[in-house]
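Structure, as structure tokens:
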Amino acid sequence: MADNNTNPIAYMRETPLPQLDPPASEAGLGHWVRQNLFSSVLNTVLTLAAFVSLYFIFTSTVPWFVNGVWQSESIRGCREVLEGATGGCFAVLTERWNQLLFGFTYSDDQYWRPTLAFALLFVAIAPVLFVALPRKMLYFTLLYPLLAFYLIWGGSIYATISTGLGFVVGYLVYSRFVASSFALGLIGGVVAAFVTWWLGGFVVDAIAPATPFLEEIPSRKMGGFMLNMILGVVCVSLSLPLGIALALGRQSRLPIIRIICVVFIEFVRGVPLITLLFVANVILGYFLPPDTNFDLILRVIIMITMFSAAYIAEVIRGGLAALPTGQYEAGDSLGLDYAQSMRLIILPQALKISIPGIVNVAVGLFKDTTLVSVISMFDLVGMIRGPILASTEWNGVYWELFMAAAVLFFVVCYGISQYSQWLERKLATDHR
Amino acid sequence: MTEAAKMQVSDEIAISIQGMNKWFGSFHVLRDINLTVNSGERIVVCGPSGSGKSTLIRCINALEEHQKGSIEVDGTVLSSDLKNIDKIRREVGMVFQHFNLFPHLTILENLTLAPIWVRKTPKSEAEETAMHFLEKVKIPEQADKYPGQLSGGQQQRVAIARSLCMRPRIMLFDEPTSALDPEMIKEVLDTMIALAEEGMTMLVVTHEMGFARQVANRVIFMDEGQIVEQNEPEEFFNNPQSPRTKLFLSQILGH
Ligand SMILES: Nc1ncnc2c1ncn2[C@@H]1O[C@H](COP(=O)(O)OP(=O)(O)O)[C@@H](O)[C@H]1O
Ligand SMILES: [Mg+2]
């Protein structure tokens, strides 16, 4: 070795060897293209075929968008402007956006109410979706359902207040008795809430003012994408807790609870949603006393919630089954009671495993809200198929309308799916 | 093991099992078990696989239900009364073969969960206790990691610390080293020896005969759901009485 090497360990390098650049054929765009697009004869043929198809798709759709007509009174107006050229008649969107979003008969001076409710929705669900946000925001989340309800339906504010009061009283009774027994607390809470609502009914009738603070809007006036959003948000948020309860009930050691849950789940899963919707629309009317005014939206919400809760319960059951029994035993041996070990140990892990399945059900449910169009509710699809396409002005504008509907649904569903992937990465702590 | 440590055994009865029987369906897994453990005693339970060792110690903290006979822990009779079960589980810590740490919580959260929710200890105090026991099992630097990031030996030491955080008076160990790679067994046994030297009442299912010789007051041999033989370690190993014990020892000690 060289004499001037001061390193006492003669065979050790003092400086790392410089890195050599890889040969040009192994790097850069040219390399990527050769590797991925033209690596074999078959691959080359497929690549060329794909390029040709893309070319045809582009050349036929781009003019349709570029020439699109955005200002016109009717489809005939569009045709006149286009003079035979290819082009979309997007004027239907600018003319009828209000119906697409809010429905057929919703008064336009009240649009701000559902819009505000929609904006506040983000504030309300943010602390649920992102744990990093301050926990105090959850108080607003608790308040939000009442607020949104009042904004959208309006009417006497005392009815809303009495509803909220029922929840508060129910919770107080529950927390008073839960220490002695969970069942007692739960039953007491539910009874107290119903008593409050029943009493509240008299009071509201007595003091309801002639001109309410916000004008009352009946459910049959709701429609458009707003109706899909209402059904989607309410049903997803109700069916998640119900699904958890059903999944746990199905595992219960008490045979009665287990049988009720199994029968419910299997029955609902064995019936098409559309049948349940018809039941909600028609048959429920026969069973209810003739003069009951049981809101159609409420009936549909109950049916869709039951339907998706059954599916979510099965997804969560899979998550529960995936947990080793050692997790239950560790909780038991540390002295945690059933509710504690479920809430702190079992459910956090089972729900984490179930996220993809739950999101799948939620996205499916949101899209299935369009099925209400078959029981003549004017949701986004019902609106397009009914009042808009049936009108003389816009008869025949299929592509533009259904594409707009697809875009609206896609934005929401893609957002949900991206959130769930982010959440899964964030919760990955098991390092397996 | 020193005589001093053995002297810590008191007359106080920690666990008393009388005529206990257990069935899994129609399978009679434990037969007429009689066992009394004094406070501060360290008992090693051994026996062939399937002889009911796990079931026996799991009956003590009601992870399994026994059908006949009585189990009394620190004066509390184990019945189907949930209050008694809760009380006993607070007194009795358990360490499992597969650690059973909570993978979604950090080490510190694993240790503070039960003190906070069961004992209603304030969070800061629970964390202090947790760090104290993590130092005892010599891994305080891992407090903020997740169980999946630790080696098996480290996970088992965390599991021991997690039980200790509940300040139990009795510790049950179900084959705590059998899921570990050989080089990690010693660190776990050292932790258990340190615990024994402090006078903890321990019931240990294990085949580590070196551990039994070093710390046990008594070794119990089980076969087919019965306690076949029990004796002080020296007597047990040098002078086994029953032929089944002799056969078992010859297999396990590799003679
Ligand atoms: N949950 C159970 N249901 C039915 N049989 C069981 C159950 N747990 C254990 N056994 C049976 O009981 C016997 C004793 O098991 P165990 O106490 O785990 O033995 P050991 O720990 O000594 O190996 C075995 O034959 C085992 O198959
Ligand atoms: Mg065992």
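Kindly evaluate residue A:384 against the criterion of being in contact with a Lys or Arg (Cβ under 7 Å, 6 or more places away or on another chain), away from chain B (no Cβ under 14 Å) and of a type in the set (Val, Ile, Thr).
So residue A:384 does not fit the description; no.
Would you pick out the residues in segment A:280-319 that are surrounded by 15 or more Cβ atoms within 10 Å (Cβ to Cβ), over 22 Å from residue A:363 (Cβ atoms) and at pLDDT 85 or above?
Listed by number, the list holds a single entry, A:299.
Which residues, counting only those in segment A:320-345, are closer than 30 Å to residue A:365 by Cα, open to solvent by 10 Å² or more (accessible area, probe 1.4 Å) and facing another protein chain (nearest Cβ under 7 Å)?
A:344, the sole residue that qualifies.
Pull out all pairs, ordered by first then second residue, where Cβ-Cβ is under 6 Å, the residues are six or more apart or on different chains, the first lies in segment B:223-251 and is of a type in the set (A, V, I, L, M, F, W, C), and the second is modelled with pLDDT of 90 or more and assigned to a helix (DSSP H, G or I).
Within 6 Å, the pairs are B:228/B:244.
Considering B:53, B:68, which residue is more than 25 Å from residue B:209 (Cβ to Cβ) and either under 18 Å from the mean Cα position of the chain (by Cα) or away from chain A (no Cβ under 14 Å) (or both)?
B:68
I need the full set of residues from segment A:165-208 which are under 30 Å from residue B:82 (Cβ atoms) and among the charged types (D, E, K, R), in order please.
Result: A:176, single match.
If you go through segment B:187-210 one residue at a time, do you hit one that is crowded, with 18+ Cβ neighbours inside 10 Å, within 14 Å of another protein chain (Cβ to nearest Cβ) and under 20 Å from residue B:40 (Cα atoms)?
Among the residues of segment B:187-210, at least one is crowded, with 18+ Cβ neighbours inside 10 Å, within 14 Å of another protein chain (Cβ to nearest Cβ) and under 20 Å from residue B:40 (Cα atoms), which makes the answer yes.
Can you name the residue in segment B:211-232 that is open to solvent by 20 Å² or more (accessible area, probe 1.4 Å) and within 13 Å of ligand 1 (Cβ to nearest atom) and is also farthest from the other protein chains (Cβ to nearest Cβ) among such residues?
Residue satisfying both the conditions and the ranking: B:228.
Check segment B:135-147 and report whether any residue there is under 19 Å from the mean Cα position of the chain (by Cα), more than 20 Å from residue A:335 (Cα to Cα) and away from every other protein chain (no Cβ under 14 Å).
Looking through segment B:135-147, at least one residue is under 19 Å from the mean Cα position of the chain (by Cα), more than 20 Å from residue A:335 (Cα to Cα) and away from every other protein chain (no Cβ under 14 Å).
If you check residue A:399 against the conditions, is it at pLDDT below 90, more than 14 Å from chain B (Cβ to nearest Cβ), part of a helix (DSSP H, G or I) and more than 30 Å from residue B:165 (Cα to Cα)?
yes
The values are calculated or read from the model by the stated rules, or taken from the named source; none is laboratory data. Fair warning: this is a prediction, and the values are worked out from it, not measured in the lab. Reconstructed Cβ throughout: ideal geometry from the backbone, glycine too, with neighbour counts over all protein chains shown. Each accessible area value is taken on the protein alone, full model and side chains, heavy atoms only, with ligands, DNA and RNA left out. Shrake-Rupley method; radii C 1.70, N 1.55, O 1.52, S 1.80 Å.
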